[in-house]
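Structure, as structure tokens:
The values are calculated or read from the model by the stated rules, or taken from the named source; none is laboratory data. Since the model is a prediction, treat every value here as computed from it, not as a measurement. Using ideal geometry, Cβ is built from the backbone for each residue, glycine included, and neighbour counts are taken over all protein chains shown.
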Amino acid sequence: MSASGGGKAIIAAFLANMGIALAKFIAWIISGSASMLAEAIHSVADSGNQLLLLLGGRRAKRRADREHPFGYGRERYVYAFVVAIILFSVGGLFSIYEGVDKLAHPHEVENVWIPIVVLVVAIVLESFSLRTAIRESNLVRPKGQSWVAFVRRAKAPELPVVLLEDIAALIGLVFALFGVGMTAITHNPVFDAIGTLMIGSLLILVAITLGIETKSLLVGEGATDADHDRIVDAILDGPEVHKIIHIKTLYLGPDELMVAAKLAFSGDSPLAHVASDIDRIETRVRQAVATARVIYFEPDIYRPGSDPAPSTEEFFIKSAD
């Protein structure tokens with residue numbers, strides 16, 4: 001997995017979640033707290049998710065073949081989507097079920113100090129995991145871009161997934177601490193059930209957010225506005241092309257962008273000259289946008305005075321309509 005894939009953040013989150021899950025299960029067995037059980041399942045789900053992200057990153061490195069001529073880069077999107085489903089079903093729905101069951105059959109939380117200690121320690125460990133994810137994200141997050149925009153526009157799905165998981169884990173721990181703490185203070189187990197329901201609702205919200213964003217990547221996203229402008233400028237930054245008739249871009253994977261365009265050349269240019277011009281344009285595009293690795297340029301004849309072809313901007317407006 002490339003650096004942009006956030007391998008360090010994934011491993012840090014996996015190790016933290018495995019240790020936290022074990023501690024939570026022990027605390028649940030001793031105390032009987034529904035919030036602790038919900039949090040333990042949450043940590044197990046997160047640990048499995050991190051393994052899936054690592055597996056997806058490894059499988060995406062396979063070489064292109066006849067069956068998949070553009071490679072396997074999108075497998076990272078598939079595994080990120082599976083992570084969202086697991087977070088929704090295993091984490092969120094189980095927590096909701098456990099909270100409802102606790103409301104219907106309330107019972108006292110025993111040895112309440114044990115889950116409180118575990119939750120406080122877990123908050124500290126999750127904070128370290130989140131700090132690692134933030135540090136890794138800052139290596140690839142464009143300067144000045146908000147965190148919301150980073151999650152929505154990042155082409156590598158692993159870092160946004162780990163970021164949202166870590167944030168959800170921290171908030172979930174606070175919810176669990178609220179439920180257990182209020183139960184200890186009031187001796188009313190309903191608060192433990194409420195904390196569990198809050199955890200489940202949070203996980204479902206995060207899972208839906210991840211699912212929506214990953215679905216967009218699976219369907220196929222083009223270059224960002226900034227990269228699109230760089231590509232257009234690189235194509236036109238020379239005497240070879242009279243104009244861009246139309247252009248399309250598509251991410252084949254987080255680190256591989258396909259660029260396809262029809263370019264208008266002079267009608268009296270020999271074929272050999274056109275081929276050399278295209279080579280120079282491709283070099284400029286790759287220098288401008290490093291992820292533009294698959295490039296297809298179709299030459300056309302420039303006919304001065306003929307009906308103008310739609311500009312790049314007009315093409316995208318019509319496509320969006």
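Determine whether V148 is farther than 21 Å from L54 by Cα and either surrounded by fewer than 18 Cβ atoms within 10 Å (Cβ to Cβ) or touching a residue at least 24 places away in the same chain (Cβ under 8 Å) (or both). Outline the logic, then answer.
Details: farther than 21 Å from L54 by Cα: yes; either surrounded by fewer than 18 Cβ atoms within 10 Å (Cβ to Cβ) or touching a residue at least 24 places away in the same chain (Cβ under 8 Å) (or both): yes.
So V148 passes the test.
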*Matching residues, the stretch 7-49, being in a helix (DSSP H, G or I), at pLDDT 80 or above, crowded, with 24+ Cβ neighbours inside 10 Å and of a type in the set (S, T, N, Q)*: S31, S43
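Against the definition (assigned by TED's automatic domain parsing to the domain that holds G172, touching a Leu at 6+ places or on another chain (Cβ under 8 Å), among the hydroxyl-bearing types (S, T, Y) and within 14 Å of G200 (Cα to Cα)), how does S89 come out, yes or no? Write out each step before concluding.
Working: assigned by TED's automatic domain parsing to the domain that holds G172: yes; touching a Leu at 6+ places or on another chain (Cβ under 8 Å): no; among the hydroxyl-bearing types (S, T, Y): yes; within 14 Å of G200 (Cα to Cα): yes.
Criteria not met by S89.
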*So which residues in the stretch 165-187 are closer than 15 Å to H107 by Cβ and either in contact (Cβ under 8 Å) with a residue 60 or more places away in the chain or not assigned by TED's automatic domain parsing to the domain that holds A45 (or both), if there are any at all?*
G179, V180, T183, A184, H187
*Where a residue in the stretch 292-312 is in the same structural domain as L271 (by TED's automatic domain parsing) and its partner, wherever it lies, is at pLDDT below 70, with Cβ under 9 Å and at least six apart*: D300/A309; A309/F315; P310/I317; P310/K318
*asked:* Considering only the stretch 101-121, I want to know if a residue exists there that is within 27 Å of the chain's Cα centre (by Cα), farther than 16 Å from I10 by Cα and surrounded by fewer than 17 Cβ atoms within 10 Å (Cβ to Cβ).
replied: no
*Determine which member of the set G91, G99 is touching a His at 6+ places or on another chain (Cβ under 7 Å) and of a type outside the set (D, E).*
G91
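For the stretch 55-86, give me each residue that is assigned to a loop (DSSP other than H, G, I, E, B) and of a type outside the set (A, V, I, L, M, F, W, C). I'd like the intermediate steps shown before the answer.
Restricting attention to the stretch 55-86, the residues satisfying the condition of being assigned to a loop (DSSP other than H, G, I, E, B) are 60-74.
Listed by number, the residues that qualify are K61, R62, R63, D65, R66, E67, H68, P69, G71, Y72, G73, R74.
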*Among the numbered criteria (1) more than 30 Å from A45 (Cα to Cα); (2) of a type outside the set (F, W, Y); (3) more than 16 Å from the chain's Cα centre (by Cα), which single criterion is violated by T224?*
(3)
*Count, please, the residues in the stretch 50-77 that happen to be crowded, with 18+ Cβ neighbours inside 10 Å and not hydrophobic (A, V, I, L, M, F, W, C).*
10
*asked:* Of the conditions (1) over 18 Å from S31 (Cβ atoms); (2) more than 16 Å from the chain's Cα centre (by Cα), L177 satisfies every one except a single condition; which number is it?
replied: (1)
*How many residues are within 12 Å of the chain's Cα centre (by Cα), over 15 Å from E213 (Cα atoms) and free of Cβ contacts under 8 Å to residues at least 40 places away in the same chain if we restrict to the stretch 44-86?*
0
